[in-house]
Amino acid sequence: MELRVVDPKTLLDNPENPRTSAPNVEADRRLAHNIKVVGLLQAPLVRELPDGQLMIVAGHRRRRACVLAKMREMHVIVTSSDEKLDGLAAGSENIIREAMTHSEQWRFVDKARREKSHTDAQLAKALMVTPAYLKRLSLLAGLHDPILHAIDMGRGPDFNDLKVIAAAPLEEQRAAWAEMFAEMAEEDADPAEYRLNAEDPEDTVPWRELARVLKQARYMAVDARFDEAAAKACGVVWTEDLFGEGGKDNRFTEDGSAYAAAQEQWLADCLPEGGVRMEVGDYGQAAAPDGYKRVLNWMAAEETDVMGYFLNPNTLKIDEIPLRPQALEEQEGTVPPRSIVPASVVAPKERAAISGTGLTMLGLIRTQALHAALDAVAQDVDPWDLVAALLLALGGQNVKVHTPEQEHYGQMTRRETALATLFPEGVLIREPALLRQEAVAVLKNVANCTISQHSGSGLTAQLMGLLFDADAQMPNMAFDDFLKCFSKPAIMEAGKALKLLPRNTGKEMRTAIMAHVGADGRWVPEQAGFGPAIDEWKAELTAMVRNAERLASLRGGHEADDEEEGEFDHLLTVEEELYETGQEGPDEAETTPRETADACEADDPEEREEDSAEVKDALLEQAGRVLVPDDADPDARAAVKAHLDSHLEVVRIAA
């Protein structure tokens with residue numbers, strides 16, 4: 001081996017170079033900048049040819065970068081080893097070389113910061129990365145080790161989820177990780193230290209869900225109305241968000257109680273002149289105080305409008321809402337506002353007794369049991385039961401009809417096949433056995449217990465299962481995949497129902513249940529059978545009846561309103577008919593509408609006005625006779641005349 005200094009442009013390319021793809025110009029440029037800053041860290045390996053020229057064995061990219069950096073000289077190592085090993089050296093050097101993992105990069109940057117006192121600008125320039133990349137690397141400092149391991153495997157979260165996870169305390173990360181892998185860790189291993197391995201599925205870690213669990217509520221300084229004195233008095237301590245947008249106030253606090261107290265103090269002491277304090281009403285919304293109503297978007301502004309100030313209990317921001325003083329008659333029936341609810345930490349949502357995966361699995365198993373029950377009665381099913389079952393099937397949510405296994409385009413559906421079988425010549429084949437066979441086949445095609453918004457039958461299929469005793473067809477549910485779908489309280493309750501002793505973990509109780517039932521036993525928990533459908537059906541019926549009564553009441557109210565609105569429609573119709581067609585009543589009319597028009601066209605204005613009044617009186621008298629019999633109460637005739645008089649005035653003004 002010999003170290004020499006040569007001009008990089010004089011080096012010859014190796015015709016046997018294993019890298020045959022075109023160079024990455026951007027990567028070469030970055031390496032050139034790096035060499036300018038820190039120098040060439042590793043000299044290329046070259047071999048001297050018989051004519052004295054040097055040929056590269058390994059280091060073509062380094063030579064290109066030195067040329068781009070406009071270096072006149074560079075170090076090379078001249079090898080004297082067996083020439084046959086050159087290809088092996090070049091190939092292995094490229095294949096075995098591996099980039100540093102993210103955690104290794106972070107540890108290097110952190111060490112360079114602490115020991116060498118390098119600035120981020122210097123590090124970014126030397127490593128040819130952006131300052132934003134260094135910021136992302138610094139997030140790794142706050143991560144639980146198994147999460148770092150997942151990132152190094154290339155199976156970590158995206159940047160947004162990473163920010164949320166890294167901001168959470170390590171203890172909370174550890175606890176969330178332990179809960180996530182409680183079922184996958186070995187018996188005596190700590191689930192908090194579980195590390196992903198290559199055999200685990202790609203979606204083993206639900207990063208978005210983990211970020212949601214760990215997300216801390218942040219209350220920003222930019223949204224605060226209070227000043228620094230109030231913040232100090234209420235114990236608000238600001239933290240700078242290092243990843244916030246530049247040029248903006250990125251301070252925040254996670255102490256919601258202190259933040260809310262400071263906002264309350266501003267409402268009590270610093271409310272603008274004329275401002276009105278609003279309290280929390282139903283559902284956490286702002287409630288207008290007594291004597292005020294909200295000014296909606298479509299309302300025009302008025303001088304009397306004031307601004308209402310409301311502490312939103314969800315965001316702890318102070319919202320501004322325009323208000324308008326109400327007249328005394330508008331204030332009747334106003335509901336007094338509720339007192340403000342102090343901000344508190346929202347209780348974590350309890351896990352359902354059976355997860356969505358468990359319900360999906362349960363739906364498939366119930367469907368199998370229902371179909372088995374239908375098969376069991378296919379030979380001697382009571383016709384009325386069959387009719388009831390068909391009615392239930394037609395009442396299912398999938399009555400369009402969608403089924404989990406859709407037929408191929410152009411293929412006859414099972415319903416069409418049944419009709420073709422029962423009505424081959426257009427006349428029903430009255431064979432009870434054939435009828436039962438085809439009816440059951442259609443029922444099986446339509447009715448199912450799967451969990452689906454589009455193709456699941458819903459509650460009616462479970463009622464059908466009760467009708468045909470599908471519970472007797474349910475298999476043993478004491479198997480691991482199903483039991484894993486139970487929450488810990490639910491699995492403990494299931495064990496208690498089997499009179500098993502309490503266990504420390506859900507996994508232990510699952511094992512105990514499976515051992516208790518045995519491979520040949522049969523266990524179906526109450527909530528897995530068809531029985532719970534009864535109470536659900538009763539509740540649904542009650543709701544259906546209640547909604548029907550409410551709609552009937554609304555319809556009745558609308559019909560009454562329509563009757564009131566139409567009370568004078570007949571009078572208007574007759575009035576218009578008299579005015580337009582000159583129709584006469586039972587008695588001969590004194591004046592026709594044409595005569596009325598002629599009179600209105602008189603030359604003298606005073607005479608025209610007088611004649612018009614006479615014609616109008618004649619018309620009203622005629623209408624009164626048409627609408628009110630001669631023997632009617634004179635007061636009734638006068639009321640009709642007054643009503644028509646007002647409408648004729650409206651017609652005159654419009655004309």
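The values are calculated or read from the model by the stated rules, or taken from the named source; none is laboratory data. Predicted model only: the values in this text are computed from it and were never measured. Backbone-built Cβ (ideal geometry, glycine too); neighbour counts: all protein chains shown. For accessibility, only protein heavy atoms count, side chains too; no ligands or nucleic acids. Shrake-Rupley method; radii C 1.70, N 1.55, O 1.52, S 1.80 Å.
Side notes on the structure shown:
- Gain on full stretching of the segment that runs from HIS454 to VAL37 - 0.36 nm per residue minus C-alpha separation: 143.8 nm
- Other residues within the sphere of radius under 14 Å centred on the Cβ of ALA543, judged by their own Cβ, net out at -1 (K and R +1, D and E -1).
- Applying D = kT/(6 pi eta Rh) to segment 220-305, where Rh is the Kirkwood radius over alpha-carbon pairs, T corresponds to 25 °C and eta to 0.890 mPa s, the Stokes-Einstein value obtained is 158 µm²/s.
- For the listed residue pairs LYS36/LYS135; LYS163/LYS232; LYS135/LYS163; LYS484/LYS507; LYS163/LYS488; LYS163/LYS484, the alpha carbons are over 19 angstrom apart in LYS36/LYS135; LYS163/LYS232; LYS163/LYS488; LYS163/LYS484.
- Take ILE451: with every protein chain present and a 1.4 Å probe, its accessible area is about 110 Å².
- Ordering of 254-260, 143-149 by packing is 143-149, 254-260, highest average first (other Cβ atoms within 10 Å, averaged per residue).
- Working from label points 7 Å from Cα in the Cα-to-Cβ sense, the ARG555 to THR360 distance is 4.1 nm.
- Surface/4 of the Cα convex hull for segment 16-81, nm²: 5.1 nm²
- Isotropic mean projected area of the C-alpha convex hull, segment 253-292 (nm²): 3.9 nm²
- Calculated P(r) of segment 153-271 - Cα pairs past 17 Å, %: 66 percent
- Packing-based ranking of 288-297, 499-508 yields 288-297, 499-508, ordered from highest to lowest mean Cβ neighbour count within 10 Å.
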